[in-house]
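Undergrad: Starting off with a structure, shown below.
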Amino acid sequence: MSAPDVTSPICLSTEDAARRIGISGPTLRRMTRDGDAPPSIIVGRKRRLYPEESLREWVRDRTNKERAL
């Protein structure tokens, strides 16, 4: 069994999360405001982070919905 990759972050900033899913930071902020974005957490007063696994699940769910149409 291999050791986990500790160099890979488990949560991404808004800009990094947006880049990871192929959209702009402002688009992800708008989607978050409108309730259409992947789940995120707020750290401190203003810092919003997107868990890596939540991003993957969100993309997977949206892909499955598109295929069902």
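Undergrad: In region 39-58, which residues are touching a residue at least 12 places away in the same chain (Cβ under 8 Å) and touching a Lys or Arg at 6+ places or on another chain (Cβ under 9 Å)?
TA: If the condition is that a residue be touching a residue at least 12 places away in the same chain (Cβ under 8 Å) and touching a Lys or Arg at 6+ places or on another chain (Cβ under 9 Å), then SER40, ILE41, ARG48, TYR50, GLU52, LEU55 are the ones that fit.
Undergrad: Tell me, please, whether a residue that is farther than 14 Å from ILE10 by Cβ, out of contact with any Lys or Arg (no Cβ under 8 Å at 6 or more places or on another chain) and of a type in the set (Val, Ile, Thr) can be found in region 23-32.
TA: Checking region 23-32: at least one residue is farther than 14 Å from ILE10 by Cβ, out of contact with any Lys or Arg (no Cβ under 8 Å at 6 or more places or on another chain) and of a type in the set (Val, Ile, Thr).
The numbers here are math on the coordinates, done by the rules we state, and not lab data. Just so you know, these numbers come straight off a predicted model, no measurement behind them. Neighbour counts are summed over all protein chains in view; Cβ atoms, including those assigned to glycine, are modelled from backbone coordinates with ideal geometry.
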